[in-house]
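What follows is one structure encoded as structure tokens, with my remarks underneath.
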Amino acid sequence: MSQAWIYTIVYFAWLIGAACFVLGLHLMNSPATGRNGNRLSAAGMVLAVSATLIDLIVRPEGLSGTAAVIIVVGFGLGGGAGLYTARTVKMTAMPQLVSLFNAVGGGAAALVAIDDFIRLAGGGADISTTIFVVLGVVFGSVTFSGSLIAGGKLQGLIPGKPIVVPGGQILTIAIAIIALVGTVALILGAAGVLALSSTASILLLGLIVAAGLIFGITMVLPIGGADMPVVISLLNALTGTAAAMAGFVIGNPVLIIAGALVGASGTILTNLMAKAMNRSVLNVMAGGFGTGDSATGVVAGGAGASVREVSADDAAIQLAYAQSVIIVPGYGLAVAQAQHQVRELAELLEAKGVDVKYAIHPVAGRMPGHMNVLLAEANVPYPQLKEMDEINPDFDRCDVALVVGANDVTNPAARNPGSPISGMPILDVDHAKSIIVIKRSMGHGYAGIDNELYSNPKTGMLFADAKEGLAALTAAVKAV
């Protein structure tokens, strides 16, 4: 087979891989088809990587033994690490894992751009290549350091509350100026307007890398835990953009398409997440919102407001004789790994003739879609998962709303002007005829404020770990 035919097959394989990415992303619009969409996208990536490997082998310069060893070792380490983490990391730690993957993706894109620039620096890179290199390096560096900080906050290695960097605004402005000046100098050098040696060009690029890494740190540190879903989505968009820029640098169309898809979808999702919190992306990036999840809160009655505590038996009677129950899952359910227990309780109630639905807030948990994935893992029927806009009118007709570990997304304080979460769209749990809240304590959520729902006369607080509380409810319902 001639080399021209091999190149044609490779490019055709890249095209099929890119089509798989597009179709897979479309299938991910629905929880019912999301798993197949993920599989299709993975198959497209396998095809694209295989085609790229063939392209490297059949090039005129061939593939050296050293390069072959590096590729094999890279496949082994990267594939092994990915398989291990995907199979062993708990669903509660998925946001941290996504942040880590964002960091790896951004860092890899930056390294690809840096390597290609160093290779071309001696012969002089053209203007377009220089622009793509700089953009790839900036986005990749910011994503790398920012994602590591975000993952550290989610894992608890770094405090979830906003960390104000001394002179942070001045430092950020200075970093931006350094990156801008370095970028302009490199572009002028590529255009021949400014005489730059290869060493000077590489040093300027190194300065831009350092500026991007510092900016990623100073950008994420001041952002509180309440905004982490938005931050994760934004960093994911930056990772895709960096990958697309790297694709332009090395002339790989499938990398350009894949990066553009991730960048565009991540940007759309970021805007949706910010809208769900009634805040602009710029406001989120300004930081200072949320104190991080208060794992050790005040015990019952200690929040300064009168609350009504109920037993599992009392709550079970309300649930068993209700006609309609809406379950509101939150991060507390994810932490306790109680998705299977909530499904068991729901099935038991359905067997008694109760209409059961799940209310999913867009930013419930620590990652976009966190609750959907968690409940899908427990085989909760997809039609029962209702988004906020769809389920909110149903609360007025709901007999019992069962809140499991959700906090800020149910707080009626969002309707009060002057509240830190004022204007944030919430689930209208307080409109239900009766409310049961399973929670370990009266501790705050990520916004760091009291939840007015807990002192509502219609609310009964069942203080327990989510898994233990749901198990107790299930046993009590069986006994009714």
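The values are calculated or read from the model by the stated rules, or taken from the named source; none is laboratory data. All figures in this text were calculated on a predicted structure; none of them were measured in a lab. Positions of Cβ are backbone-derived with ideal geometry, glycine not excepted, and every protein chain shown enters the neighbour counts. For the accessible areas, the whole protein counts, side chains as well, though only heavy atoms, and no ligand, DNA or RNA atoms are used. Shrake-Rupley method; radii C 1.70, N 1.55, O 1.52, S 1.80 Å.
Starting from the Cα gyration tensor of the range 319-402, take the square roots of the eigenvalues, sort them a ≥ b ≥ c, and report rounded, prolate or oblate (rounded when a/c is under 1.5, otherwise prolate if a/b is larger than b/c, else oblate). Each step should come with its number before you reach the end.
Numbers: a/c = 1.94, a/b = 1.29, b/c = 1.50.
Oblate shape, in that a/c is at least 1.5 and b/c is the bigger or equal ratio.
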(message) Can you order the peptides 234-241, 389-396 by their average number of other Cβ atoms within 10 Å per residue, highest first?
(response) 234-241, 389-396
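Taking the mean number of other Cβ atoms within 10 Å as a proxy for protection, how do you rank 83-89, 259-265, 8-14 from highest to lowest?
The packing order, highest mean first, is 259-265, 8-14, 83-89.
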(request) Please go through the residue pairs Lys90/Lys161; Lys458/Lys478; Lys153/Lys458; Lys386/Lys433; Lys352/Lys458 and name each one whose alpha carbons sit more than 26 Å apart in this structure. (result) Lys153/Lys458
(message) Among Ile6, Asn29, His340, which residue has its Cα furthest toward the positive end of the charge dipole of the chain, with +1 on Lys/Arg Cβ and -1 on Asp/Glu Cβ?
(response) Ile6
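By accessible area of protein heavy atoms, probe 1.4 Å, what ranking do His340, His361 get, highest first? Could the numbers behind the result be given before it?
Working: His340 80, His361 5 Å².
Putting His340, His361 in descending order of accessible area: His340, His361.
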(request) Apply the Debye scattering formula to the range 143-230, with a single equal point scatterer on each alpha-carbon and no solvent, then give log10 I(q)/I(0) at q = 0.21, 0.23 Å⁻¹. (result) -0.92, -1.03
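By its C-alpha gyration tensor, with a ≥ b ≥ c as the square roots of the eigenvalues, how is the range 236-278 shaped: rounded for a/c under 1.5, else prolate for a/b larger than b/c, else oblate? Working shown, then result.
Values: a/c = 5.69, a/b = 3.44, b/c = 1.66.
Prolate, since a/c reaches 1.5 and a/b exceeds b/c.
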(request) Nearest 5 is fine: what % of DSSP beta bridges in the chain come out antiparallel, could you say? (result) 0
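Based on the Cα coordinates of the range 386-442, what is the per residue volume of their convex hull in Å³? Present the calculation step by step, with values, prior to reporting the outcome.
Working: hull volume 5.0 nm³, N = 57.
Convex hull volume per residue, Cα atoms: 87 Å³.
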(request) Using the heavy atoms of the protein chains and a 1.4 angstrom probe, tell me the accessible area per residue for the range 347-407 in square angstrom. (result) 36
(request) Find how many whole Å separate the alpha carbon centroid of the range 392-415 from the alpha carbon centroid of the range 194-247. (result) 39
(request) Report the label-to-label distance for Arg39 and Gln169 in nanometres (one decimal), using points 7 Å from each Cα along the Cα→Cβ vector. (result) 5.3
(message) For Val328, what residues show an amide H to amide H distance below 5 Å, using hydrogens built from the backbone and excluding near sequence neighbours?
(response) Ala359, Leu402, Val403, Val404
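Would you work out the relative contact order for the range 1-107, in percent, from Cα pairs under 8 angstrom that are 6 or more residues apart? Don't skip to the answer; put the middle values down first.
Working: 60 pairs, mean separation 23.0, N = 107.
Worked out over the range 1-107, it gives 22 percent.
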(message) Please list, ordered by chain and number, the residues whose modelled amide H lies under 5 Å from the amide H of Arg440; skip anything fewer than 5 residues away on the same chain.
(response) Ala464
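Place the peptides 309-316, 423-430, 332-339 in order of packing, highest mean first, counting for every residue the other Cβ atoms within 10 Å and averaging per peptide. Mind showing how you got there, number by number?
On the way: 309-316: 17.0, 423-430: 20.6, 332-339: 23.8.
Highest to lowest by the protection proxy: 332-339, 423-430, 309-316.
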(request) Assign one of three labels to the range 49-168, namely rounded, prolate or oblate, based on the Cα gyration tensor with a ≥ b ≥ c the square roots of its eigenvalues; rounded applies when a/c is under 1.5, prolate when it is not and a/b is larger than b/c, and oblate otherwise. (result) oblate
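So how strong a dipole does the chain carry about its Cα centre when Lys and Arg Cβ are +1 and Asp and Glu Cβ are -1, to the nearest 20 debye?
Numbers: 24 positive and 28 negative charges, 77 e Å.
Computed about the Cα centre, the dipole is about 380 debye.
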(request) With everything on Cα atoms, drop me the angle between helix 228-250 and the longest principal axis of the chain, reported from 0 to 90° to the nearest 10. (result) 20
(message) If I take every Cα pair under 8 Å that is 6 or more residues apart in the chain, average their sequence separation and divide by the length, what percent do I get for the relative contact order?
(response) 14
(message) Using the Karplus curve 6.51 cos²θ - 1.76 cosθ + 1.60 with θ = phi - 60°, what ³J(HN,Hα) values do you get for each residue of the range 199-216, in whole Hz, with x for Gly and Pro?
(response) 5, 5, 4, 5, 5, 4, 5, x, 5, 5, 4, 4, 5, x, 5, 5, 4, x
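Ordering His370, His26 by accessible area with a probe of 1.4 Å, largest first, what comes out? Don't skip to the answer; put the middle values down first.
Numbers: His370 0, His26 125 Å².
The ordering from most to least exposed comes out as His26, His370.
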(request) Please report, to one decimal in angstroms, the Kirkwood hydrodynamic radius of the range 1-114 built from all distinct Cα-Cα pairs. (result) 16.4
(request) Please work out which option in [x] 1.17; [y] 1.11; [z] 1.04 gives Cα Rg over 2.2 N^0.38 Å calculated from these coordinates, and answer with its label. (result) [y]
(message) In whole Hz and in residue order, list the ³J(HN,Hα) couplings for the range 139-156 that follow from phi through the Karplus curve 6.51 cos²θ - 1.76 cosθ + 1.60, θ = phi - 60°; x for Gly and Pro.
(response) 4, x, 5, 4, 5, 4, 6, x, 5, 5, 5, 4, x, x, 5, 5, 7, x
